[in-house]
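J.: Sharing a structure, written as structure tokens. Questions coming.
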Amino acid sequence: MSRIKTRFPRLGACALLTLREGRARFEAQLAAAHHLTETEAREELSDFLYIEQLRREILG
């Protein structure tokens with residue numbers, strides 16, 4: 001969780017909990033917190049998740 005908070009520092013703990021409620025809701029909260037459009041938030045989250053996936057593959 002610390003990497004997501006580092007990447008998106010304006011997200012509060014409540015916003016992180018919404019990730020369990022669905023990606024679309026989380027993206028909306030991400031957009032609001034970081035002054036992004038929902039499309040931009042979706043792209044930022046996709047990029048973050050892709051990097052995390054690569055990290056897991058490299059580190060095993």
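The values are calculated or read from the model by the stated rules, or taken from the named source; none is laboratory data. A quick note: this is a predicted structure, and the numbers were derived from the prediction, not measured. Heads up, the Cβs are rebuilt from the backbone with ideal geometry, glycines too, and the neighbour counts pull from every protein chain shown.
J.: Given the conditions (1) touching a His at 6+ places or on another chain (Cβ under 7 Å); (2) exposed (fewer than 10 other Cβ atoms within 10 Å of the Cβ), and given that Arg10 satisfies all but one, which numbered condition is not satisfied?
T.: Result: Arg10 fails condition (2) only.
J.: Search the range 29-46 for residues being charged (D, E, K, R) and touching a helix residue (DSSP H, G or I) at 6+ places or on another chain (Cβ under 9 Å), and hand back the single one that is nearest to Arg3 (Cα to Cα).
T.: Among those that are charged (D, E, K, R) and touching a helix residue (DSSP H, G or I) at 6+ places or on another chain (Cβ under 9 Å), it is Glu44.
J.: Would you check if Ala32 is hydrophobic (A, V, I, L, M, F, W, C) and surrounded by 15 or more Cβ atoms within 10 Å (Cβ to Cβ)?
T.: No.
J.: Do we find that Glu44 is modelled with pLDDT of 95 or more, among the acidic types (Asp, Glu) and surrounded by 12 or more Cβ atoms within 10 Å (Cβ to Cβ) in this structure?
T.: yes
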